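Single-structure report; data block below.
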Amino acid sequence: MKLGGGAGPVHSLQRRNHVPSSGGVAHAGLGEFLLDLSLLDWHCQMGVSSLNDNDSHYRSPDEDYNIESRNMRALARLAAAVLCLSLGLAACADLSSGAADGLLVVATTSILGDIAAGVVGDEGEVEVLIPIGVDAHDFSPSSQQASLLAGADLVVANGLGLEAGLEDVLASVDDGVRMLELAPLVEPIEFRDGGPDPHFWMDPVRVGNAALLVASALDDHHPGGWQERAAAYAGEMEATDQEIEGLLSSVPQDQREMVTNHEAFGYFADRYGFEILGVVIPGGSTLAEPSSSELADLVAVMNQSGTSAIFAETTQPSSLAEAVAAELGDDVEVVELFTESLGGPGSGAETLREMLVTNAGRISGALG
Ligand SMILES: [Zn+2]
């Protein structure tokens, strides 16, 4: 009896377009734990074949590949609903309002989740694997989080090495689950030292194109209003691009130089005419550690240029950036930007649009 695939989707029903705020499904509360027990018990009693009809509305002739995972989701929903009815759990209230047999898109990062949610709208659910505030480069999923992938109609990943800790899990996802890696499809650029740069979401125009790609991937198997919503989302991103241009207009050309914690702003620099002067963590991800000579080189570069800020990030400790700033004296400030994840409530980065505008405002404030 396969049980592992059922535990994740229970949690996907708790909140629509859900982004876990800390620890994700791995840190389930007592109510969710009870739901898990119920699911496992229910699954043992019922098997999976008896619930096929629950999904018939969404199934087209070429979708049989995903019947079992759909059944698992339907089963999870039914088990959870029964438990809610029997125990009267207030926390279960929105289970009954969720689409009983809707489409499930799983995104690896909260940023990709924002893009996917913009395309999916209310025609399905979007789940995010990597919790808010967690660095995408350095995240390894629990088995329960990984099991969420098996129930997805579409997995939206970034690719180009961003999700280093997820690569084994993504590679092992059943062939029946469709995978869309966006970064390789939006005209990727290279890091300063070579190699493809995965951080495409720092360019709102590429983000808009990515939304259209998600719509096309969904169109392949599921009729829906994806293209219309993706076009609207892309339009919002065009407007975001203009807003960012406006915010940055106060930064003179000769001050458009950035020193960042890791090389996450190549696409931003490319679009808005900045130069990445240096990074604290070498190598394009956050997984390396700088040597003392590399840090000394960075201090020398900053001294020479006279740049006045180091841009740290919300998903990494700022201690190294602060140490470099301290070497340079009181005139250099450390400014935190959102890089690998959206922010939590009240952060000014609850959506990708907000995140990009907030970052631009802080960059403009520091360099303008
Ligand atoms: Zn990064």
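Every read-out reported here was derived from the displayed coordinates using simple, explicitly stated rules and does not represent laboratory data. Keep in mind the model is a prediction, meaning the values are calculated, not measured. A quick note on method: Cβ atoms are made from the backbone with ideal geometry, for glycine too, and the neighbour counts reach across all protein chains shown.
How large is log10 I(q)/I(0) at q = 0.16, 0.26 Å⁻¹ when the Debye formula is applied to the Cα atoms of region 232-293, each weighted equally and without solvent?
-0.64, -1.05
If I take every Cα pair under 8 Å that is 6 or more residues apart in region 227-323, average their sequence separation and divide by the length, what percent do I get for the relative contact order?
Computed value for region 227-323: 25 percent relative contact order.
Residue 152's amide H: which non-local residues (gap 5+, or another chain) put their own amide H closer than 5 Å, with H modeled 1.01 Å from N in plane and none for Pro or chain starts?
Placed amide hydrogens put nothing under 5 Å from residue 152.
Can you sort 201, 226 so the residue with the fewest Cβ neighbours within 10 Å comes first?
Taking fewest neighbouring Cβ atoms as first place, the list is 226, 201.
Convert each backbone phi in region 191-201 into a coupling constant with the Karplus relation 6.51 cos²θ - 1.76 cosθ + 1.60 (shift: θ = phi - 60°), then list the ³J(HN,Hα) values in order as whole Hz, x for Gly and Pro.
After applying 6.51 cos²θ - 1.76 cosθ + 1.60, I find 4, 4, 9, x, x, x, 9, x, 7, 5, 5 Hz.
Long-range amide H contacts for residue 178: which residues qualify at under 5 Å (H placed 1.01 Å from N, peptide plane, sequence gap of 5 or more or a different chain)?
Residues meeting the criterion, in which the H sits 1.01 Å from N, are 155.
Once fully extended, how much extra length lies between residue 227 and residue 138, figured as 0.36 nm per residue of separation less the alpha-carbon to alpha-carbon distance? The partial results should precede the final answer.
Numbers: separation 89, 0.36 × 89 = 32.04 nm, distance 3.28 nm.
So the extension gain works out to 28.8 nm.
Quick one: grab the alpha carbon gyration tensor of region 203-316, order the square roots of its eigenvalues as a ≥ b ≥ c, and give me rounded if a/c is under 1.5, else prolate or oblate depending on whether a/b is larger than b/c.
On the way: a/c = 4.20, a/b = 1.88, b/c = 2.23.
Because a/c hits 1.5 or more and a/b fails to exceed b/c, region 203-316 counts as oblate.
What would the Debye formula give as log10 I(q)/I(0) at q = 0.14, 0.17, 0.19, 0.22 Å⁻¹ for the alpha-carbon point model of region 248-367, no solvent?
Taken in order of the listed q values, log10 I(q)/I(0) reads -0.55, -0.82, -1.03, -1.37.
Which whole-angstrom value gives the distance between the alpha carbon centres of region 168-209 and region 298-333?
29
Listed highest first by mean packing, meaning other Cβ atoms within 10 Å per residue, what order do 127-134, 183-190, 327-334 come in?
So the order, starting with the most tightly packed, is 127-134, 183-190, 327-334.
Given H placed on each backbone N at 1.01 Å, which residues far from residue 107 in sequence or on other chains put an amide H within less than 5 Å of it?
Here 127, 128, 129, 156 satisfy the definition.
With r defined as the distance between the Cβ atoms of residue 192 and residue 122 and R0 fixed at 35 Å, what FRET efficiency is calculated, to the nearest 0.05? Kindly include the intermediate steps, with their values, before the conclusion.
Values: r = 42 Å, r/R0 = 1.20.
For residue 192 and residue 122, the calculated efficiency is 0.25.
Rounded to the nearest 0.05, what FRET efficiency do residue 292 and residue 330 give with R0 = 22 Å and r taken as the Cβ-Cβ distance? Could you check? Write down the numbers at each step before the final one.
Numbers: r = 23 Å, r/R0 = 1.03.
After rounding to 0.05, the efficiency reads 0.45.
In whole Hz, with x marking every Gly and Pro, tabulate ³J(HN,Hα) for region 300-315 from phi via Karplus 6.51 cos²θ - 1.76 cosθ + 1.60, θ = phi - 60°.
In residue order, the calculated couplings are 5, 4, 5, 4, 5, 7, x, 5, 10, 8, 10, 9, 7, 9, 5, 9 Hz.
For region 288-299, take each phi angle, set θ = phi - 60°, evaluate the Karplus expression 6.51 cos²θ - 1.76 cosθ + 1.60, and give the result in whole Hz per residue in order, putting x for glycine and proline.
Karplus-based 3J(HN,Hα) across region 288-299 equals 8, 10, x, 7, 5, 6, 5, 5, 5, 4, 5, 4 Hz.
How much space per residue, in cubic angstrom, does the convex hull of the C-alpha atoms of region 258-319 take up?
88
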